[in-house]
Amino acid sequence: MPLGAACIASAIKSSPQTTGHFAVELRDFSLEDAALCRLTDDAEKAAYIARALLGVSADVERKTVQQDCAPVAVCFSVYVWNHVLLETVAHEVKKLLPDVVCIAGGPEVTANPAVFTQFDYTIAGQGEGAVPALLAELFLQDNAKNYKPIAGVYAVSTKQGAGRALPCLPNELSSPYLDGTLDVSKYGGALWELARGCPFKCSYCYESKGEQKIAYFPMERLEKEIELFAAKKILQVFVLDPTYNANKQRAVQMLRTIAKKAPGMFFYFEARAEFIDRELARAFATIPCALQIGLQSADPAVLKNVHRTLDKKIFVRNIGYLNEAGVTFGFDLIYGLPGDTYAGFCKSIDFALSLYPNNLELFCLSVLPGTTLHDDAAGFGMEWEQMPPYHVLKTPQFSERDLSKAEKLARAVNLFYNDGRAVPWFNTMLFPLHKKPSAFFEEFAQEIVKSAVPAANDNDTMQLEFVRAQYKARHLDKLLPACEDFILMNNAVSRCTATGKETHLTLRFHPDDIMSEYATDLPFFVQHCGRQKCRVRVFSGKNGTDWRTE
């Protein structure tokens, strides 16, 4: 969903400077589109997108394009993942229609607006005010040669421009949802801005050089948008606020509004653990939702290097409130942070998984232009890619070899724990092995290389085979039948909850026993719970996922 571009389109429609003067059309492309999937060469993809933007087919000659095409300007929203491709698209557009004005904005442009060569103008900062002002100057003035400089707008040909665009107040911005620029039913979900800005200064983030304050969108607008989402019957909403719970009172108020106006719709939030208390955890539990929490590292000294803090006692306590309330949550960790080591990264994984996250997302550090870390990186002795995605290549403490090991470890965690939906049983399974999670996943990463485990595309089989080998190597055969039942039963429940898929199982223990609190201690369970071979059906019932013996 191209929300950033849609906000600019909506602003052009509503701005007093441009309203009624331009026919505005939003065009979105995805590399997953069928037509683009058939193209393997980036140049071919760029040419296809350029022609689609201008509404011409591949067999139309350039001369005809120049005569018949209407666009006077094309605005591009540039991010890390499309930076290189969109510069090539702009070049192709100019080949077809030399007089068209190409304008670029977005995070990549804001970071360094002067480095782009294929656009006519680049805009640093929020573009809702700057783009309409630029279009008015270029096309609606009596003499366009008397162009007046606009804050944040850079003219590529003259290399003139300075500063960032003046941000509009949220109550001055039109909603691309409410004015029809974006049709959420097309996407099946929505990206939703409740606020802009962040009170923190994490140095690896674009917000590190922003204003250390938050500007909130009016509640009246947000209520109308959530009513629209409900009317369109979309399934999920991703809330884009960097710290949803920076203001607890407003966070709770919005959760109550969601519960009232969109019951059953699933929401994703980014939250800070230090601001979670029992009341907020219970409020999250009133709606279908998941929280993603940026832990990044479990080492306070490492976090200090990127302008973050961590009090482990507070973190553990507050995550406990989420577990107590039954709220789904996951953690983010970054490898390659300045001052961190591979061993330290492994300790962060161990700490994170001890708190039962629903998922653990592991990322290689990107040294993004326009961030404080980009300014500081050389001082830390870091080397990184100079083009997207700007991944760190090595640090004095994290060698290239260690980064490669961390990448393999991240893949193993994602395959076994995240894709394998292992959270309900992972720590129970791990305890008898007397292994740390990171050591377990290091061995699984080696198994992936040896036996091409992912090719099976069967999470149950993949997990069972590896766990069997682990238990047999430790002579834990007596515990293995119960462990296998735990994996099969919990995976079936998780799969049904996530997808509605029904499963039929043959178990050696009764499913009610497997899903009881006694199952958290595997040796105790095997010692005190009798076997009862049975066939079990796991299905979606009236009150959610259910099971029944056959």
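Which one of Thr257, Thr243 is farther than 22 Å from Leu166 by Cβ, among the hydroxyl-bearing types (Ser, Thr, Tyr) and at pLDDT 95 or above?
Among Thr257, Thr243, only Thr257 is farther than 22 Å from Leu166 by Cβ, among the hydroxyl-bearing types (Ser, Thr, Tyr) and at pLDDT 95 or above.
Being touching a strand residue (DSSP E or B) at 6+ places or on another chain (Cβ under 9 Å), of a type in the set (A, V, I, L, M) and more than 18 Å from Pro357 (Cα to Cα) is the filter here; which residues of the stretch 281-326 pass it?
Matches in the stretch 281-326: Ile287, Val302, Leu303, Val306.
Could you grab the pairs with beta carbons closer than 8 Å, sequence gap of 6+ or different chains, first residue in the stretch 24-53 and closer than 18 Å to Ser77 by Cα and in a helix (DSSP H, G or I), second one aromatic (Phe, Trp, Tyr) and open to solvent by 60 Å² or more (accessible area, probe 1.4 Å)?
Ile49/Phe29; Ala52/Phe29
State whether the residues of the stretch 140-148 include one that is open to solvent by less than 50 Å² (accessible area, probe 1.4 Å) and either in contact with a strand residue (DSSP E or B) (Cβ under 7 Å, 6 or more places away or on another chain) or modelled with pLDDT of 90 or more (or both).
no
Suppose we keep only residues that are outside any loop (DSSP other than H, G, I, E, B) and open to solvent by 60 Å² or more (accessible area, probe 1.4 Å) within the stretch 165-183. Which one would you say is farthest from Glu225 (Cα to Cα)?
Filtering the stretch 165-183 for residues that are outside any loop (DSSP other than H, G, I, E, B) and open to solvent by 60 Å² or more (accessible area, probe 1.4 Å), the one farthest from Glu225 (Cα to Cα) comes out as Glu172.
Kindly check whether there is at least one residue in the stretch 502-519 that is open to solvent by less than 20 Å² (accessible area, probe 1.4 Å) and touching a residue at least 40 places away in the same chain (Cβ under 8 Å).
yes
Based on this model, can you work out whether Gln236 counts as under 23 Å from Val80 (Cα atoms), at pLDDT 95 or above and of a type in the set (S, T, N, Q)?
No, not satisfied.
Determine, yes or no, whether Val449 is modelled with pLDDT under 95, β-branched (Val, Ile, Thr) and in a helix (DSSP H, G or I).
Yes.
Report those helices (runs of 4 or more DSSP H) wholly inside the stretch 475-550 carrying at least 2 residues which are closer than 17 Å to Gln463 by Cα.
480-499
Kindly indicate the residue of the stretch 373-388 that is open to solvent by 50 Å² or more (accessible area, probe 1.4 Å), closer than 21 Å to Glu407 by Cα and not acidic (Asp, Glu) and also modelled with the highest pLDDT among those meeting that condition.
Of everything passing the filter in the stretch 373-388, Gln386 is modelled with the highest pLDDT.
Keeping to the stretch 202-214, report how many residues are open to solvent by 40 Å² or more (accessible area, probe 1.4 Å) and at pLDDT 90 or above.
Result for the stretch 202-214: 2.
Tell me whether the stretch 262-277 contains one or more residues that are farther than 30 Å from Cys364 by Cα and either in contact with a strand residue (DSSP E or B) (Cβ under 6 Å, 6 or more places away or on another chain) or not in a loop (DSSP other than H, G, I, E, B) (or both).
So far as the stretch 262-277 goes, no, none of its residues is farther than 30 Å from Cys364 by Cα and either in contact with a strand residue (DSSP E or B) (Cβ under 6 Å, 6 or more places away or on another chain) or not in a loop (DSSP other than H, G, I, E, B) (or both).
With the requirement that a residue be modelled with pLDDT of 85 or more, polar (S, T, N, Q) and open to solvent by 60 Å² or more (accessible area, probe 1.4 Å), what does the stretch 25-83 give you?
Thr40 - this is the single residue of the stretch 25-83 that is modelled with pLDDT of 85 or more, polar (S, T, N, Q) and open to solvent by 60 Å² or more (accessible area, probe 1.4 Å).
The values are calculated or read from the model by the stated rules, or taken from the named source; none is laboratory data. Quantities reported herein were computed from a predicted structural model and do not represent experimental measurements. Here the Cβ is made from the backbone with ideal geometry for all residues, glycine too, and neighbour counts use every protein chain on show. We work out accessible area using only protein heavy atoms, side chains counted, and drop any ligands, DNA or RNA first. Shrake-Rupley method; radii C 1.70, N 1.55, O 1.52, S 1.80 Å.
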